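Have a look at the structure below before the remarks.
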Amino acid sequence: MSDISEESVRHLAGLARIALTDAEVTALTAELSQIVDVVAQVTSAVDADTPATSHPIPLSNVYREDVVTDDVLTPEQALASAPEHDGSRFKVSAILGEEQ
Amino acid sequence: MSELIHHTAAELATALADGSASSVEITQAHLDRIAAVDTDVHAFLHVNAEVSLAAAAASDKRRAAGAALNALDGIPVAIKDVLVTTDMPSTAGSKILEGWVSPYDATPVTKLREAGLVPLGKTNMDEFAMGSSTEHSAYGPTRNPWDLDRIPGGSGGGSAAAVAAFEAPLALGSDTGGSIRQPAHVTGTVGIKPTYGGVSRYGAIALASSLDQIGPVTRNVLDAAMLHDIIAGHDRHDSTSLKHEWPSMAEAVRNANVKGLRIGVVSQLDGEGFQPGVLARFHEAIALLEANGAEIVELSLPSLEHAVAAYYLILPAEASSNLAKFDSVRFGLRVTPEGGGTVEQVMSATREAGFGAEVKRRIILGTYALSAGYYDAYYGSAQKVRTLVQRDFAAGFEKVDVIASPTAPTTAWKLGEQLDDPLEMWRGDLATIPANLAGIPGISLPAGLADEDGLPVGIQFLAPAREDARLYNVGGALEQLLVDKWGHTLLSQAPALKVGAR
């Protein structure tokens, strides 16, 4: 059985930056426990000697010339979809809370 | 005019070449069809007739001047909403990107434009391609043209339904664990997941970067091949893109021949857990191939037992990282909590409001799989299972040229039927997921209708990496054999949709 509690789901939601409602936390706690019980089978399917595969068709040394090409976004294009900007930078609310 | 929609893309290309139809006529016929049936089917999230007709008129002008760019210059194509476009919004089926318009085109879209094809609109999908039914689209589900009460598959149900309902002759999809092939299976259409890196992922809103691949969605194998030939190739914008000289897939279809072809049938993807009608059509198709000179070999791929579990660790892990960019800062939705808040609180409120339940479920699962103390056991083990799957395929392909299986265990289920049981829906991907884990190409094409419900069944073929042409060979050959046997295409048996209701 997995060790997923409501507290751990709240912690994960904090890491993932999702302000889950209490109802979502309750539902996800039950679902994740079930899901983890199933996917945990991978731990017994392999041994320490099996190498890990991170990429299906590994390529190495994928470089490009260190030159600026004509297909980079202009600042205007980069800012065009921003919820808020000042013409040259993205604007966000305070980084630190009052207690920090 | 309406007859134009029932032609294949290859036939339309001939009509354009001999002057019996114009791109504007063909495009208008498909726009009319969309207007007539898409209120019911809901394959499209966005259509802009003006933009499409302007592209069609430009194509006609080129052709009149003797400067057609490609055989498919002027043919309309629907684009899955996961691919970004400069002249249409791109939402990936999510509220967090509602109304967002990309400042650049995805490379496969650029290649379509460079070949003169006419983008028709953006097709519906499960949010961020997470799902097997399109019910996880934030904009409401797409309905299966064979039965409007049933799912069209997912995540690319919109693209599959669009071609199945004759709203578009061609479409693009993305396949992370079956999102092109499973919708093809349940809608009686054709879908190909190319070799990983065969088609650029640049501008495809990433779900799981080591699994995602863009590919063709069509009504027949030749059309898919012609589309594949246009979108394939190296792209310097995608560092996983392969530098490979691809042979013509269209030629592979035109020269299709299965004499002497060794076809592996996977014991783990046969029998238990598969609907009888799905298995019956599969075995008939295999027998037909054997009767026409193919050699059938039984294969065991034991690692497939763990493939779904590994996939549902790797995918959420990569997705939780990829979706971190939806942070309310640079683009997309921003929700500020009542009374304001820090940037972190704004992000959390935005992601709570902007993501649907399945996306949250997978992000939280991925965050769990990657967190300290669990990483080695879960994500690490899943990556090792991936090695076992690759080894099984490598051993299998020493004995056979292609591997065959049913594309999915069941035909289309009723909308809502599996929504409360994510694990049940995930298990439906067991035949398609292994190809993504191994990076190899796969095709699904129609094999017939299941006796018990009269719904379409697909057959899947897999080939070694970079051997996509083998899929077009066996797919083209089987399609021809089946159409000859039936005396018609499978899609011609689909019930007529109510037209012009609204």
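Checked against the criteria, B:A435 does not count as within 14 Å of chain A (Cβ to nearest Cβ) and surrounded by fewer than 24 Cβ atoms within 10 Å (Cβ to Cβ). The single condition among (1) more than 7 Å from chain B (Cβ to nearest Cβ); (2) surrounded by 10 or more Cβ atoms within 10 Å (Cβ to Cβ); (3) modelled with pLDDT under 95; (4) more than 25 Å from B:A357 (Cα to Cα) that A:H55 does not satisfy is (1). Within the set B:R236, B:R281, B:R201, the sole residue that is of a type in the set (K, R), under 30 Å from B:R143 (Cα atoms) and part of a loop (DSSP other than H, G, I, E, B) turns out to be B:R201. Being among the small types (G, A, S), under 18 Å from B:R391 (Cβ atoms), in a loop (DSSP other than H, G, I, E, B) and free of Cβ contacts under 8 Å to residues at least 12 places away in the same chain, is that true of even one residue in the stretch A:18-35? For the stretch A:18-35, residues among the small types (G, A, S), under 18 Å from B:R391 (Cβ atoms), in a loop (DSSP other than H, G, I, E, B) and free of Cβ contacts under 8 Å to residues at least 12 places away in the same chain: absent.
Candidates are the residues of the stretch B:139-166 that are over 17 Å from the mean Cα position of the chain (by Cα) and at negative phi; the one that is surrounded by the most Cβ atoms within 10 Å (Cβ to Cβ) is B:W146. If you check B:D73, B:D81 for being under 21 Å from the mean Cα position of the chain (by Cα) and at pLDDT 95 or above, only one passes: B:D81.
Tallying residues that are surrounded by fewer than 24 Cβ atoms within 10 Å (Cβ to Cβ) and away from chain A (no Cβ under 14 Å) within the stretch B:96-111 yields 1. The set of residues in the stretch B:233-250 being among the polar types (S, T, N, Q) and either under 20 Å from the mean Cα position of the chain (by Cα) or surrounded by 15 or more Cβ atoms within 10 Å (Cβ to Cβ) (or both) consists of B:T240, B:S241, B:S248. Of the residues that make up the stretch B:325-341, is at least one assigned to a helix (DSSP H, G or I) and within 9 Å of chain A (Cβ to nearest Cβ)? For the stretch B:325-341, residues assigned to a helix (DSSP H, G or I) and within 9 Å of chain A (Cβ to nearest Cβ): absent.
Take the conditions (1) more than 8 Å from chain B (Cβ to nearest Cβ); (2) surrounded by 16 or more Cβ atoms within 10 Å (Cβ to Cβ); A:R10 misses just one of them, which is (2). Against the test of being in contact with a Gly (Cβ under 6 Å, 6 or more places away or on another chain) and assigned to a loop (DSSP other than H, G, I, E, B), the options B:L16, B:L69 yield a single qualifying residue, B:L69.
Every residue, every condition in (1) in a loop (DSSP other than H, G, I, E, B); (2) within 17 Å of B:K325 (Cβ to Cβ), yes or no:
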{"position": "B:V77", "(1), (2)": "no, no"}
{"position": "B:M88", "(1), (2)": "yes, no"}
{"position": "B:A92", "(1), (2)": "yes, yes"}
{"position": "B:R113", "(1), (2)": "no, no"}
{"position": "B:G121", "(1), (2)": "no, no"}
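Listed here are the residues, each with its yes/no results for (1) acidic (D, E); (2) part of a loop (DSSP other than H, G, I, E, B).
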| residue | (1), (2) |
| --- | --- |
| B:D223 | yes, no |
| B:M226 | no, no |
| B:D229 | yes, no |
| B:T240 | no, yes |
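The values are calculated or read from the model by the stated rules, or taken from the named source; none is laboratory data. Quantities reported herein were computed from a predicted structural model and do not represent experimental measurements. Cβ atoms come from the backbone with ideal geometry, glycine included; neighbour counts cover every protein chain shown.
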